[in-house]
Amino acid sequence: MKRIKTKKKKKLQKRLIALVVITILILTNLLLTCAAILNWVTYKRFYNDKTLQIAGTAVEISDEEYLMRLYETVKSDEFKEVSKKAKEAGNLSLIAFWLEDKGLYEEFNYEIENLKMLCEKMSAEYIYVQVINDGKCITLIDPNDPLNSLGVVEDLSGSAFEDLDGNVEVEPIRSKTKYGWLSTGGEPIYNADGEAFAIAFCDLDVTAMVKNTIRFTIINGAISIVMVIIMIAVMSVSIKKRITSPIEQLTEEVDNFGTNEEEYTKDKIVELDIHTGDEIEELYNATRFMQESLIDYMDNLTAVTAEKERIGAELDVATRIQASMLPRIYPAFPERNEFDIYASMDPAKEVGGDFYDYFLIDDDHLGMVIADVSGKGIPASLFMMMSKIIISNFAQMGLSPAEVLEKTNERICDGNDEDMFVTVWFGILEISTGHIVAGNAGHEFPLIRKKDGEFTIFKDSHDFVIGGMEGMPYSQYEFDLEKGGTLFVYTDGCPEATDAKNELFGTERMIEALNKNPDADPKELLDNMKDAVDTFVGDAPQFDDLSMMAIKLF
């Protein structure tokens, strides 16, 4: 193993100085930043309170009964027509004449003057009254442009108040405009029934507050830079003398130890006069111990590597053998156009305990098996291959599903010293009619889809697992799979797939994945299910073997 030497871009001394400097810089900035934040919070609280105080005063001096009448008026089609004509003609006095005709103009001017006076007295930028309704605002009183803005409807989408869903108190927010920074807040205006129907808004100029905060931040940065420069000068000499020189000496000697495997010998162990009495001396002693351990390790590494490679090769052969035991050539029966069948098995380890099988018993009967052996790995794979062969042999003899399960159980129980078991769903399909006779030995419920329908759970009767106890009786049941329908069977690795939060994929998600495209051919159904499981599980490790099989009649 050849040592790769790299160019030393930075010395330890520089790194340690940088670390100390950065630490001091962070602490200094933290303190100064806290002061800046406290300064900002104080200003913010002051302006928030002042904004809401002015808005509350505007509510108190406003005539809510008049504002209600004005709001009802500007909503009318008559006002909208007058406003449109006035703005097209560039003659806003038409709006004034119309308001006067309605008996609203004198009080309108009164409200305008009140808000102007309040704005000047409280040094506010703007004070105005708007109605919020269905994500839109309607302007009632705007002293800056009273007639032109009256009744104007604006969409709140994309604004700072897009989440405002009614005439409620508006907590002040800050926004930058072409006139500077503004703090905007509002208080609701209530009618005689106690219902909020409008909001009095206040805009305060907070540009000075923002500039003060920026100025304070700049000063903080300048102070920090000066402190860093001073610390560099102080720490440089001390770090080099106490730390970096001994480590550089140790590094140089360690480089001489073992440029390849043949040179990891005891005469290369580092020998230095380092007695600093601190962590550097401990590093020196640890380096010597590591070199001695490495020599012993290299003596054993070759044998361990050879053994690991042998085991890996055997596992690879076992994986290929297991894969060859399962049907894997598709289309499975290219000469038959009455049905389409597809199956898959994804083991959690190199080899698994799940298996599936399908085979023609005669020209009109198709045997179908899906099973899950207890456990994982090589023991489960051996038990799986034995179970598959036994079930297939009994099925080919023309026995019923119940007889196949019963005889398989007796055969497996004989000499089952490891107490392993297997859950099995075995069915025989009469291809010409779609009639299925099946037995379930502790396996998952199948899913069935009728023509033009969706997949639903078929809760069949369950018997005891195969290999669990000798002399167990097994039953069978019957149902029909109509033309255009699909049968889906699976192992528990599908509903019990687990994500990083230990949440199960579950039967409901499994049915939902199938019903995204329920009329798909069997291969596409299985692909959709695998994609759904993989998306749900994410980066979590595969917990169990995952096997699926689907058959569709035509």
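The values are calculated or read from the model by the stated rules, or taken from the named source; none is laboratory data. Given the structure is predicted, the values throughout are model-derived calculations rather than measurements. So basically every Cβ, Gly included, is an ideal-geometry build from the backbone, and we count neighbours across all protein chains shown.
Going through Asn133, Asn148 one at a time, which residue ends up being among the polar types (S, T, N, Q), assigned by TED's automatic domain parsing to the domain that holds Ala198 and more than 15 Å from Lys75 (Cβ to Cβ)? Full working, then the answer.
Details: Asn133 fails: more than 15 Å from Lys75 (Cβ to Cβ).
Of Asn133, Asn148, the one residue that is among the polar types (S, T, N, Q), assigned by TED's automatic domain parsing to the domain that holds Ala198 and more than 15 Å from Lys75 (Cβ to Cβ) is Asn148.
Right, Glu281: farther than 30 Å from Met345 by Cα, modelled with pLDDT of 70 or more and in contact with a His (Cβ under 9 Å, 6 or more places away or on another chain) or not? Please lay out each step first, then the result.
Working: farther than 30 Å from Met345 by Cα: yes; modelled with pLDDT of 70 or more: yes; in contact with a His (Cβ under 9 Å, 6 or more places away or on another chain): yes.
Yes; evaluated as a whole, the condition is true for this residue.
Taking into account only those residues within the stretch 292-348 that are assigned to a helix (DSSP H, G or I) and β-branched (Val, Ile, Thr), which is modelled with the highest pLDDT?
Taking the stretch 292-348 first, the residues assigned to a helix (DSSP H, G or I) are 292-325.
Remaining after also requiring β-branched (Val, Ile, Thr): 295, 302, 304-305, 311, 317, 319, 321.
Working: Ile295: 72, Thr302: 61, Val304: 69, Thr305: 65, Ile311: 59, Val317: 59, Thr319: 60, Ile321: 63.
Among them, the one singled out is Ile295.
Would you check which residues across the stretch 189-210 are under 18 Å from Cys119 (Cβ atoms) and modelled with pLDDT of 90 or more and list them?
Ile189, Ala198, Ile199, Ala200, Phe201, Cys202, Asp203, Leu204
In the stretch 407-427, what count of residues is obtained for those that are at pLDDT 90 or above and either small (Gly, Ala, Ser) or part of a helix (DSSP H, G or I) (or both)?
8
Any residue at all in the stretch 381-401 that is modelled with pLDDT under 95 and within 16 Å of Gly493 (Cβ to Cβ)?
yes
Based on this model, can you work out whether Asn48 counts as at pLDDT below 80 and closer than 30 Å to Ile173 by Cβ? Write out each step before concluding.
Working: at pLDDT below 80: no; closer than 30 Å to Ile173 by Cβ: yes.
No; evaluated as a whole, the condition is false for this residue.
What number of residues within the stretch 469-527 are more than 30 Å from the chain's Cα centre (by Cα), aromatic (Phe, Trp, Tyr) and assigned to a loop (DSSP other than H, G, I, E, B)?
Of the residues in that region, 1 qualify.
Take Gly186 and decide whether it is buried (at least 17 other Cβ atoms within 10 Å of the Cβ) and closer than 30 Å to Asp134 by Cβ. Reasoning before the result, please.
On the way: buried (at least 17 other Cβ atoms within 10 Å of the Cβ): yes; closer than 30 Å to Asp134 by Cβ: yes.
For Gly186, the condition - buried (at least 17 other Cβ atoms within 10 Å of the Cβ) and closer than 30 Å to Asp134 by Cβ - is met.
Residues in the stretch 162-175: is at least one crowded, with 20+ Cβ neighbours inside 10 Å, among the polar types (S, T, N, Q) and assigned to a strand (DSSP E or B)?
Taking the stretch 162-175 as the starting set, the residues that turn out to be crowded, with 20+ Cβ neighbours inside 10 Å are 167, 170, 172.
From the residues that got through so far, the ones that are among the polar types (S, T, N, Q) too are 167.
Filter again for assigned to a strand (DSSP E or B), leaving none.
Checked against the condition, which is being crowded, with 20+ Cβ neighbours inside 10 Å, among the polar types (S, T, N, Q) and assigned to a strand (DSSP E or B), the stretch 162-175 yields no hits at all.
Criterion first (charged (D, E, K, R) and either surrounded by 13 or more Cβ atoms within 10 Å (Cβ to Cβ) or at pLDDT 95 or above (or both)) does Asp539 satisfy it?
On the way: charged (D, E, K, R): yes; either surrounded by 13 or more Cβ atoms within 10 Å (Cβ to Cβ) or at pLDDT 95 or above (or both): no.
No; evaluated as a whole, the condition is false for this residue.
Given the structure, is Glu72 among the acidic types (Asp, Glu), within 19 Å of Leu140 (Cβ to Cβ) and at pLDDT 90 or above? Steps first, please.
Working: among the acidic types (Asp, Glu): yes; within 19 Å of Leu140 (Cβ to Cβ): yes; at pLDDT 90 or above: yes.
Yes.
What is the one condition in (1) under 30 Å from Phe536 (Cβ atoms); (2) free of Cβ contacts under 8 Å to residues at least 40 places away in the same chain that Phe394 does not satisfy?
Here Phe394 meets the rest and fails (1).
For the stretch 480-508, how many residues are surrounded by 16 or more Cβ atoms within 10 Å (Cβ to Cβ) and farther than 22 Å from Gly352 by Cβ?
Looking only at that region, the number is 4.
Kindly provide the set of residues from the stretch 457-468 that are surrounded by fewer than 17 Cβ atoms within 10 Å (Cβ to Cβ) and not in a loop (DSSP other than H, G, I, E, B), ordered by number.
Answer for the stretch 457-468, where residues must be surrounded by fewer than 17 Cβ atoms within 10 Å (Cβ to Cβ) and not in a loop (DSSP other than H, G, I, E, B): just Ile457.
Among the residues of the stretch 432-439, are any outside any strand (DSSP E or B) and exposed (fewer than 15 other Cβ atoms within 10 Å of the Cβ)? Reasoning before the result, please.
So in the stretch 432-439, the residues outside any strand (DSSP E or B) come out as 432-434.
With the extra rule that they be exposed (fewer than 15 other Cβ atoms within 10 Å of the Cβ), the set shrinks to 432-433.
Yes, the stretch 432-439 contains a residue that is outside any strand (DSSP E or B) and exposed (fewer than 15 other Cβ atoms within 10 Å of the Cβ).
Here are some conditions: (1) under 23 Å from Asp49 (Cα atoms); (2) among the charged types (D, E, K, R); (3) free of Cβ contacts under 8 Å to residues at least 60 places away in the same chain. Glu125 meets all but one. Which one does it not meet?
(3)
Considering Val369, Val351, Val404, which residue is under 24 Å from Pro541 (Cα atoms), assigned by TED's automatic domain parsing to the domain that holds Glu338 and either of a type in the set (A, V, I, L, M) or in a helix (DSSP H, G or I) (or both)? I'd like the intermediate steps shown before the answer.
Values: Val369 fails: under 24 Å from Pro541 (Cα atoms); Val404 fails: under 24 Å from Pro541 (Cα atoms).
Being under 24 Å from Pro541 (Cα atoms), assigned by TED's automatic domain parsing to the domain that holds Glu338 and either of a type in the set (A, V, I, L, M) or in a helix (DSSP H, G or I) (or both) holds for just one of Val369, Val351, Val404, which is Val351.
Please determine whether any residue of the stretch 410-426 is in contact (Cβ under 8 Å) with a residue 12 or more places away in the chain, closer than 22 Å to Leu360 by Cα and of a type in the set (Lys, Arg).
no
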